[in-house]
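The values are calculated or read from the model by the stated rules, or taken from the named source; none is laboratory data. Predicted model, so just to flag it, every value in this text is computed and none were measured. Here the Cβ positions follow ideal geometry from the backbone for every residue, glycine too, while neighbour counts run over all protein chains shown.
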Amino acid sequence: MIKSKPPSPYIYANRMADRRSNSSIDNISRTSFQSNSDNNSIFETASLISCVTCLSDTDTIDRSEASTTDTSKDDLSGYSKPHYSSVNGQLPANTVIPYGRILDARYIEKEPSHYYDAASSPSSPLKSSISGISEQDNIGEEAPFQPKERKGISLPRRSNSSSSLISSRSPSTKLVEVIFARPRRHDVVPKRVSLLIDYKPHPSPHLNEDDDLVEEILKRSYKNTRKNKSIFVIINPFGGKGKAKKLFMTKAKPLLLASRCSIEVVYTKYPGHAIEIAREMDIDKYDTIACASGDGIPHEVINGLYRRPDRVKAFNQLAITEIPCGSGNAMSVSCHWTNNPSYSTLCLIKSVETKIDLMCCSQPSYAREHPKLSFLSQTYGLIAETDINTEFIRWMGPARFELGVAFNILQKKRYPCEIYVKYAAKSKNELKTHYLEHKTKGSLEFQHIAMKKHNEDCHNYNYNYNSEYQAENGDEDEGEFEGEENDHPTFYDSADPIADQIKEEDFKVKYPLDEGVPCDWERLDPNISNNLGIFYTGKMPYVAADTKFFPAALPSDGTMDMVITDARTSLTRMAPILLGLDKGSHVLQPEVLHSKILAYKIVPKLTNGLFSVDGEKFPLEPLQVEIMPRLCKTLLRNGRYVDTDFDSM
Ligand SMILES: Nc1ncnc2c1ncn2[C@@H]1O[C@H](COP(=O)(O)OP(=O)(O)OP(=O)(O)O)[C@@H](O)[C@H]1O
């Protein structure tokens, strides 16, 4: 049976966080973002196979703890067939393993000694127990029991009587081992389960008995994402509380190997080393660079690639992503929706390669040689001082930042400067309109990519998804798309993948520093800029695990968000601003300026101080920044940033 469903948006939920809120959660895992599964997932396609029996075997080798050899470069490429402990016999009846959590599948020859028998009863769930379809949206979700029409592989009831079924199984049944990511405490770990599956391909003349079951499972498990990624891992052993290497080896590497990614690991040895590494690496060997670090290493990697003579190829080919092992981890929280290294790795494995805008920074001391790229933020004033000047209490982890901000606010320090801005949406109303327009556009783009791939798959089966959908729904006209709540697919002209490749001219600076401020830039009211408290511009919604500083940030809307506060704001008014940082509601406060901008120049009037760019220290001299649209590829869960609820604020 092939059952098609209309694609639907993704509903963000924080169920896991809620579920776990009663338990003690350490600072690594406390921010966990989930998506609700619903029956209309865009990844839902067709049911082609039915499961007969879930088997058990006796092999329970667990080798998930990976080697921690202290080499500067570990070559882990190639698949060494790691073993993971089996959960055969341990899963409750009707457990669903969502496709979004399946890492690998393969045929096995050995007949196990135990199995789940649910075939005897006509009402058995086993009759159609591989019933649903890939669902990338629920990769972080525990799925203990099978609700109606869950998408994934569902396991039948368990039985002790056995061998008769195995010996009498039909020739179409296949023995398959599925490796999947299973929640364990605050993490996900690879586990395996053996299944005896009666594979019944769709009875199309174009499908035959030999259509491959394992390929079908893998296809559904890796919808819209690159399978068997080739990943260059850069670990900053100094990152966070100095635990990056251990975090990567224990939380990330087992999942990467289980999903047959090939990985090569290098360690940074000094500040700035990742720039050199990215500038000199062999880009032909990889499709992904994963930074097991905070946000400092992705910043360096982007700038290392930028300085390569073949930078166009590098940015077109490589997706740059983060496994959160630092103290900031804004990239992981924004892009993978989690600050937990194992969930983030699962996201990396399952995420969609998406283009994001970068920001190009120029200052007199380096602009002539080469400007610098920023993917996250630039800040001056209170936050910059706090970010950099609390380095000495790095051992405190993320708390160092909160403590520093509180201290600086109490001091009421001013950071006088001149600011010139090229606005895209100046007022808060204009900003909201811009946000809603571009959020919908981004979502349509992603749905389109997913739909295109889906249609290709359907075409491969000589199966017309669209007409089936329309026949089922009796509706020929699904043209209208009203944002994410619309369940119906929209079909529009295909995005040309070649046109989406960047070219050398995309790196060209539009507003060179030495040409002065263009006449269409506006000067910020000196009354505010001379009493500046916070100046913060950014491209990702989170700047730290619990700080949603830019709730209106979008991956590729061609703008950056600017937030400004006045140091004269009274303490009683500063309180709701600071208390709103976790929810992002600070931008709604009347004392806070919030705009979407294309470029700016800031000229500090102080002689002591600094800029912080992506959390890195930059010199205190005039800084000019412009947006560089869609320059960089990264991995975004469901093709978008974590939901910030800005629309409903
Ligand atoms: N081996 C090393 N020794 C010292 N510093 C290093 C080393 N490797 C990288 N660095 C520097 O460490 C800084 C912070 O890196 P990273 O962002 O990974 O960690 P972090 O703990 O999250 O830091 P932050 O709090 O700035 O986000 C970067 O500026 C980087 O250049």
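Table for the structure above
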read-out: Candidate set from region 568-617 (those that are of a type in the set (Ser, Thr, Tyr) and surrounded by 15 or more Cβ atoms within 10 Å (Cβ to Cβ)); member that is nearest to Met331 (Cα to Cα); value: Ser612
read-out: All positions within region 261-286 that are under 30 Å from His186 (Cβ atoms) and surrounded by 24 or more Cβ atoms within 10 Å (Cβ to Cβ); value: Cys261, Thr268, Ala274
read-out: Among residues of region 178-211, those that are over 30 Å from Pro324 (Cβ atoms) and at pLDDT 85 or above, counted; value: 2
read-out: Enumerated strands (runs of 3 or more DSSP E) restricted to region 596-649, each holding at least 3 residues that are farther than 24 Å from Gly294 by Cβ; value: 623-636
read-out: Selected residue [assigned to a loop (DSSP other than H, G, I, E, B), among the basic types (Lys, Arg) and away from the ligand (no atom under 11 Å from the Cβ)] from Arg260, Arg279; value: Arg260
read-out: Failed item in (1) within 23 Å of Thr634 (Cα to Cα); (2) within 16 Å of the ligand (Cβ to nearest atom), with Lys246 passing the rest; value: (1)
read-out: Tally, over region 214-238, of residues that are over 18 Å from the mean Cα position of the chain (by Cα), crowded, with 24+ Cβ neighbours inside 10 Å and in a helix (DSSP H, G or I); value: 2
read-out: Pairs where the first residue, in region 229-244, is over 18 Å from Ile289 (Cβ atoms) and the second is within 6 Å of the ligand (Cβ to nearest atom), C-beta under 6 Å, 6+ apart; value: Gly240/Gly326; Gly240/Ser327
read-out: Qualifying residue in region 229-236 (condition: more than 16 Å from the ligand (Cβ to nearest atom) and basic (Lys, Arg)); value: yes
read-out: Qualifying positions in region 249-260 - more than 17 Å from the chain's Cα centre (by Cα), crowded, with 23+ Cβ neighbours inside 10 Å and hydrophobic (A, V, I, L, M, F, W, C); value: Leu257, Ala258
read-out: Set Lys269, Lys241: member being farther than 15 Å from Glu322 by Cβ, in contact with a Phe, Trp or Tyr (Cβ under 7 Å, 6 or more places away or on another chain), within 16 Å of the ligand (Cβ to nearest atom) and not assigned by TED's automatic domain parsing to the domain that holds Val178; value: Lys241
